[in-house]
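Undergrad: This is the structure I have questions about; it appears just below.
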């Protein structure tokens, strides 16, 4: 009887140790469909993501690079595009803010947002890249061609090795 109690206590202690060492706060990138409230969650490993689309007038690709801060703000760090025109920057503020690399214009910014609101269109090929994986918004959304809100939250995640369970 005593042996069973000791084994049970040791097993419980081992379980508690695993739970508390594997329990982590994790940043979750939420894409919320505004019409239905449905939320899609992505888990950036490096607190970075890229929003991409085709410019509606110039029909050239645009990539907006974001980082996520510790307090869940979204910082637009740079915009990469291929041509000047309506809705795209065309003026160099200083040498450090703008450069051209391999025919692409790169504008460096530090714009902070609590959330991002977008209207998704199949014509503009809106996508988000997280951990190197590209997600097309219209493939992800329940209702196509609608407005979305992108923001981050913190969640408790139980992680052992490569496996994670969101709590």
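Undergrad: Over the Cα atoms of segment 1-78, what radius of gyration and what Dmax do you get, in Å?
TA: Values for segment 1-78 (Cα only, Rg and Dmax): 22.5, 78 Å.
Undergrad: Would you calculate the separation in nanometres between label points at residue 8 and residue 35, each defined as 7 Å from the Cα along the Cα-to-beta-carbon direction?
TA: 5.6 nm
Rule-based calculations on the coordinates, nothing more; no lab input. For clarity, every value in this text was computed on a predicted model and none was experimentally measured. Cβ atoms come from the backbone with ideal geometry, glycine included; neighbour counts cover every protein chain shown.
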